[in-house]
Amino acid sequence: MKDNSANNTEKNLGGSPKNLMIPFLLLSLRGGFSLHGYKLIQELSKFGFDSIDQGNVYRILRQLEKDNLVNSEWDTSSGGPAKRIYSLTDAGKDYLDLWSNSLEQYQMMLDSFFNMYSAFMMPPSVSRKKADDHNEKE
């Protein structure tokens, strides 16, 4: 069986991120955690994803499994219905590292954007006053 995860990685990370949910799902599974889908959705909420299409999350998880980035197995140990438990593969860890590097670059771009935006949007007198206030404190 041919491993296409490297090809998928290059395709998915070229340009802007297509789905920011992916690195957060992978990060939630980092460190040996195995979680079921509902728990992963709760984790996404903690990261600030407000309106989550649960069906979309499960579609993404199935695709991540097809791409060999996560594994899943059925957990029948609880008294209730069986739950699919997801875990991160080694390829998933590598993919998370790529996302991290990519997001770091985007963070620098966003920082530059907001610095420039603030400079343009803040009246010069306010900028000078802030600089003067800062200098007086030193």
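Laid out as a table, the results:
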| read-out | value |
| --- | --- |
| Qualifying positions in segment 23-73 - aliphatic (A, V, I, L, M) and part of a helix (DSSP H, G or I) | Leu25, Leu26, Leu27, Leu29, Leu40, Ile41, Leu44, Val57, Ile60, Leu61, Leu64 |
| For Leu64: the one exception among (1) modelled with pLDDT under 90; (2) closer than 18 Å to Ile41 by Cα | (1) |
| Search result, residues across segment 29-49 that are touching a strand residue (DSSP E or B) at 6+ places or on another chain (Cβ under 9 Å) and of a type in the set (A, V, I, L, M, F, W, C) | Leu29, Phe33, Leu35, Leu40 |
| Residue in segment 33-52 that is charged (D, E, K, R) and farther than 20 Å from Asn19 by Cα present | no |
| Segment 66-102 - residue that is surrounded by 15 or more Cβ atoms within 10 Å (Cβ to Cβ) and among the aliphatic types (A, V, I, L, M) and, of those, farthest from the chain's Cα centre (by Cα) | Ile85 |
| Cβ-Cβ under 8 Å pairs, at least 6 apart or on other chains, segment 35-59 side within 20 Å of Thr89 (Cα to Cα) and in contact (Cβ under 8 Å) with a residue 40 or more places away in the chain, far side in a helix (DSSP H, G or I) and among the charged types (D, E, K, R) | Leu35/Glu43 |
| Of all residues making up segment 31-65, the number that are basic (Lys, Arg) and loosely packed, with under 12 Cβ neighbours inside 10 Å | 2 |
| Matching option when the condition is outside any helix (DSSP H, G or I) and free of Cβ contacts under 8 Å to residues at least 40 places away in the same chain, among Ser77, Ser112, Ser87 | Ser77 |
| Residue that is farthest from Tyr86 (Cα to Cα) [pool: residues in segment 24-61 that are of a type in the set (Asp, Glu) and modelled with pLDDT of 90 or more] | Asp53 |
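The values are calculated or read from the model by the stated rules, or taken from the named source; none is laboratory data. Note that the coordinates shown come from a computational prediction; the quantities given were computed from them, not determined experimentally. Note that we place each Cβ from the backbone using ideal geometry, even for glycine, and neighbour counts take in every protein chain shown.
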